[in-house]
Amino acid sequence: VPARILDGKNLASRLQSDIRRRTAEFVAQRHEPPTLAAVLVGDDPASAVYVRNKQAACRRAGMDSRLHRLPAASSTGQVADQVAALNEDPAVHGILVQLPLPSAIDTRAILDLIDPLKDVDAFHPLNVGLLSQGRPRFLPCTPHGVLQLLAHGQVSVAGRLVVIVGRSEIVGKPLAMLLAAKDSPLGPDLANATVTVCHSRTSDVGRFTREAEVVVAALGKPRAITAAMIRPGSTVIDVGINRVGDRLVGDVDFEAVQQIAGAITPVPGGVGPLTVTMLLENTLTAAQRLAGVVV
Ligand code: NDP
């Protein structure tokens, strides 16, 4: 039997309805609507699409969104000035700097400048540190999306072997931290895993993934995780988004792996919609926290 599909699109729409309801409640208590400010530098078409999707999701949830576009030739100082202005602006609750920034800009310096209380991507070192100590303030959006897919797909990771392929600061590393923790905001079944992290220097990734009860593919290589690398009945989460010709494909060879795995996420329609949803969640949380409604 082919694997059960973990439908991210459907889950995202249910979670976004709940966020819209909680946002309306918050606004009804005489608060300004949660507001996300996006900073987009240069004219990378993919980045423009991502920002547009995030803004549309904000509006659907009853939040305000602002877009600050800066020219591709901006200096680190100019982007820093924009971020500093948003830090100071009491009408802005969440700040999102769309990555990648043009190569001449010092990305780390910009991310370090974002007010940690408005850091809805959770990239600031203070928020990364809090996460690593098991007391996160904001959960990073893509790893949080993976947890939501597992939770709603009734996949427990506690006591099981999870293999994550990829160790980026955005996906692999924070996800490994969350899954190996003693507890998670989604409950102890979404923590307490034994986690192995593979990367480009791992010799024979398949040796590890074949043992795994849960595989998370986040390496950014189209269809790199093949059926021969998967243990029958396991859960496969595909974070990858790769453009191949005019199609979007994941890091997993979906058609073949679907015949082996027990559960699998499609691309598109898997992790992607959850990432945007978790950004909304963080923006609502940021506004509530800045209003003193939650800690
Ligand atoms: P990065 O390119 O930053 O990181 C890729 C990681 O995979 C690195 O750790 C790299 O190792 C490792 N890697 C690369 N090639 C191999 C290989 N052949 N075998 C094993 N490991 C390998 O990517 P991101 O983490 O930012 O993104 C990963 C994928 O997820 C991309 O396709 C991206 O588009 C997608 N993505 C999707 C999101 C969503 O919402 N669904 C959100 C963010 C990303 P090393 O560290 O040694 O270089």
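The values are calculated or read from the model by the stated rules, or taken from the named source; none is laboratory data. The structure presented is a predicted model; accordingly, all values stated were derived computationally and were not measured. Positions of Cβ are generated from backbone atoms using ideal geometry, with glycine treated the same way; all protein chains shown enter the neighbour counts. We work out accessible area using only protein heavy atoms, side chains counted, and drop any ligands, DNA or RNA first. Shrake-Rupley method; radii C 1.70, N 1.55, O 1.52, S 1.80 Å.
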Normalised convex hull volume, the chain, alpha-carbon set, Å³ per residue: 126
Region 68-182 - percent relative contact order, Cα under 8 Å, separation 6 or more: 19
Three-way shape label, region 177-288, alpha-carbon gyration tensor, a/c 1.5: oblate
Pairs beyond 21 Å (Cα-Cα), from K54/K118; K173/K221; K9/K54: none
Signed unit charges on C-beta, dipole axis of the chain, positive-most listed residue T235, Q29, A180: T235
Sulfur and carbon atoms: percent of accessible area, region 212-295 [1.4 Å]: 56
Sum of side-chain charges, F123 neighbourhood, beta-carbon under 13 Å (Lys, Arg +1; Asp, Glu -1): -1
Given charges at beta-carbon only (K, R positive; D, E negative), |dipole| of the chain in Debye: 480
For V257, net neighbour charge (Lys/Arg +1, Asp/Glu -1) across residues whose Cβ lies under 13 Å away: 0
For the chain: accessible area per residue (Å², 1.4 Å): 45
For region 66-213, alpha-carbon Rg relative to the globular expectation (2.2 N^0.38 Å, N residues): 1.20
D_trans [Stokes-Einstein, Kirkwood Rh over alpha-carbon pairs] for region 1-107, 20 °C, 1.002 mPa s, µm² s⁻¹: 137
GNM top mover of Q82, Q133, Q29 - the chain, alpha-carbon springs below 10 Å: Q29
Top of D246, D238, D64 by mean-square fluctuation, Gaussian network on the chain, Cα under 10 Å: D246
Hull volume in cubic angstrom per residue (convex hull over the Cα atoms of region 232-273): 59
For the chain: relative contact order, % (alpha-carbon pairs under 8 angstrom, 6 or more apart): 22
GNM result for the chain, Cα springs below 10 Å: residue of R60, R160, R108 fluctuating most strongly: R108
Cα centroid separation - region 54-108 against region 205-271, whole Å: 32
Relative contact order (%) - criterion: Cα under 8 Å, at least six apart; region: region 58-115: 38
